[in-house]
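Here is the structure we will look at.
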Amino acid sequence: MPGARIMIVEDNPDMVNELQTFLQDLGYQVEGSAFSGEEALEKVQTLRPDLVIMDIQLNHSGLDGIETAQKIYQNFNIPSIYLTAHADDQTLSRVRESGAFGYILKPFKEKELITALELALVRFRQQKTLEAGQSDLQEIVRKIVDGIIVTDLNGIVLFINPAAAAFFGRTKETWVGQEAGFPVSAGQTSEITVENSGLKKILEIHVTKIDWQKRSAFLMSLRDIAERKKAEEQYRRTQRMQSI
């Protein structure tokens, strides 16, 4: 969404300059940068960007990027996507548990960064719309490109949009009224593997608690991350080869 205001939190000046030039060329507004978590928390109060690009490892900071992003979201309701050179299991687990709006690996690929930015901004705006309780909620989620499933608090499916049904190769009618079939926990991000027509998909599922038709429910946003997982595995293989 060109025109969105982006703040960069990165302790490498060269990377900051590269990101700033790239974002501005695309039409985004770069609302300043910070080199530490503490500086980011101070600046975000004034700048109030639409989104933060957050380096996970901030070498000269008492807070790492994940801790900083969580504080920014909790205190200012501003989402972040992570930029990291580290794809180890522990880091990725922390990223998922933090409720991240996205992450990409360094050195970043332009297409991946654009996609991550757009998805994060769309997902956050969708979430704000859902939380506002607008009357046309079902029509909104029906048109969302990401897969969307809504369940009651016991995991029974109340609604599924076409994108989510397509992931599993099943019709809407076979879902509604049935158990989702995978863990549902508000505020968490998890992964499941599904196969459809011989194709393997790895779905990332983010769960939010919402009001749906005057009752509490869970909204699950599903996205196929198989290609991203391949990139992570390639990164790990490269790291292992370099350490030999």
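The values are calculated or read from the model by the stated rules, or taken from the named source; none is laboratory data. Computed from a predicted structure; not experimentally measured. Quick reminder, even Gly has a Cβ in these numbers, built from the backbone with ideal geometry, and neighbours come from all protein chains shown. Each accessible area value is taken on the protein alone, full model and side chains, heavy atoms only, with ligands, DNA and RNA left out. Shrake-Rupley method; radii C 1.70, N 1.55, O 1.52, S 1.80 Å.
Report every pair of residues separated by at least 6 positions or lying on different chains whose Cβ atoms are under 7 Å apart, first residue within region 222-233 and over 14 Å from Val194 (Cα atoms) and small (Gly, Ala, Ser), second open to solvent by less than 60 Å² (accessible area, probe 1.4 Å) and at pLDDT 75 or above.
What qualifies is Ala231/Leu105.
Which of the residues belonging to region 139-162 are at pLDDT below 85 and surrounded by 14 or more Cβ atoms within 10 Å (Cβ to Cβ)?
Ile140, Val141, Arg142, Ile144, Asp146
Among (1) open to solvent by 70 Å² or more (accessible area, probe 1.4 Å); (2) over 21 Å from Leu119 (Cα atoms), where does Asp11 come up short?
With (1) open to solvent by 70 Å² or more (accessible area, probe 1.4 Å); (2) over 21 Å from Leu119 (Cα atoms) applied to Asp11, the lone miss is (1).
Looking only at region 203-212, filter to residues that are among the β-branched types (Val, Ile, Thr) and without any contact (Cβ under 8 Å) to a residue 40 or more places away in the chain; which one of those is surrounded by the fewest Cβ atoms within 10 Å (Cβ to Cβ)? Quick ask: steps written out before the conclusion?
Taking region 203-212 first, the residues among the β-branched types (Val, Ile, Thr) are 205, 207-208, 210.
Those left that are additionally without any contact (Cβ under 8 Å) to a residue 40 or more places away in the chain: 205, 207.
Numbers: Ile205: 22, Val207: 20.
Looking at the filtered set, the residue picked out is Val207.
For region 14-25: of the residues being free of Cβ contacts under 8 Å to residues at least 40 places away in the same chain and more than 13 Å from Glu110 (Cβ to Cβ), which is surrounded by the fewest Cβ atoms within 10 Å (Cβ to Cβ)?
Asp14
Do you know which residues across region 109-122 are buried (at least 19 other Cβ atoms within 10 Å of the Cβ) and touching a residue at least 40 places away in the same chain (Cβ under 8 Å)?
Residues of region 109-122 buried (at least 19 other Cβ atoms within 10 Å of the Cβ): 113, 116-117, 120-121.
Within region 109-122, Leu113, Leu117, Ala120, Leu121 meet the criteria.
Can you tell me which residue in region 172-197 is most open to solvent (accessible area, probe 1.4 Å), limited to those that are of a type in the set (Ser, Thr, Tyr) and touching a residue at least 40 places away in the same chain (Cβ under 8 Å)? Don't jump to the end; show me each part of the working.
Taking region 172-197 first, the residues of a type in the set (Ser, Thr, Tyr) are 174, 185, 189-190, 193, 197.
Within this subset, residues satisfying the condition of being touching a residue at least 40 places away in the same chain (Cβ under 8 Å) are 189-190.
Details: Thr189: 19, Ser190: 44 Å².
Here the answer is Ser190.
I'd like to check which strands (runs of 3 or more DSSP E) are fully inside region 159-235 and have at least 3 residues that are farther than 27 Å from Asp89 by Cα. If you could, list the steps in order and put the result at the bottom.
Details: elements: 189-196, 199-212, 215-224.
Strands (runs of 3 or more DSSP E) meeting the threshold: 199-212, 215-224.
Arg215 fails exactly one of the following numbered conditions: (1) open to solvent by less than 50 Å² (accessible area, probe 1.4 Å); (2) out of contact with any Gly (no Cβ under 8 Å at 6 or more places or on another chain); (3) in contact (Cβ under 8 Å) with a residue 40 or more places away in the chain; (4) within 15 Å of Ile156 (Cβ to Cβ). What is the number of that condition?
In the conditions (1) open to solvent by less than 50 Å² (accessible area, probe 1.4 Å); (2) out of contact with any Gly (no Cβ under 8 Å at 6 or more places or on another chain); (3) in contact (Cβ under 8 Å) with a residue 40 or more places away in the chain; (4) within 15 Å of Ile156 (Cβ to Cβ), Arg215 misses (1) alone.
Identify, from the list Lys200, Lys229, the residue that is loosely packed, with under 11 Cβ neighbours inside 10 Å and either under 30 Å from Ala85 (Cα atoms) or in contact with an Asp or Glu (Cβ under 9 Å, 6 or more places away or on another chain) (or both).
On the way: Lys229 fails: loosely packed, with under 11 Cβ neighbours inside 10 Å.
The match here is Lys200.
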